[in-house]
Amino acid sequence: NSVAELRITLDKANANIAILQDFKDSVSDYVIESQMPDANNNYTWYRKYKSGWVEQGGRTHVAEIHNGTQSITLPIEMSDNQYWCILSWVGREGNSGAYSGITKASSSTPTTLVIQVYLSGTHTMYWQVSGMAA
């Protein structure tokens, strides 16, 4: 009797696994890998999808650069340099206002985001890029 009950339980579990697999296969895209920002990863984060699409971002400090460039190493390599980025930065203490912008990272590489910085002083910059992963 216990063997028969075990067989019924196993059959139900296999049926549930099949249902879950069918559901997973029917979903067009979903996150397969991710990272939350913390001090150990320099406050970078990412979400990589089944399709290869990736969203990633973080924060960096820009110090005393006026009309120069800042390079940021991406946690996930992109397929090429034709990804898009969104930048937002906040001025140092006592600096009034916050600045933001949207730019295409065309001068960047698949592993490095290069941005043009036109602000002097120390700023915290938040960045996000989206596109296809390598």
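Okay, here's what the table says:
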item	result
Where trypsin sites (Lys or Arg not before Pro) fall in DSSP loop in the range 33-62, at most 15 other Cβ within 10 Å	LYS50
Neighbourhood net charge (14 Å Cβ-Cβ; Lys/Arg +1, Asp/Glu -1) for ALA18	-1
Calculated FRET value between LEU10 and VAL31, using beta carbons and R₀ = 30 Å, to 0.05	0.45
Net length gained if the chain between VAL3 and TYR126 were fully extended (0.36 nm per residue, minus Cα distance)	38.3 nm
Under 13 Å, Cβ to Cβ, from THR109 - net charge with Lys/Arg +1 and Asp/Glu -1	-2
Packing-based ranking, highest mean first, of 123-131, 5-13 given that Cβ atoms within 10 Å are counted	123-131, 5-13
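Quick note: the coordinates plus some simple rules give every number you see, no bench work behind them. From a predicted model like this one, the values you see are computed outputs, not experimental measurements. Using ideal geometry, Cβ is built from the backbone for each residue, glycine included, and neighbour counts are taken over all protein chains shown.
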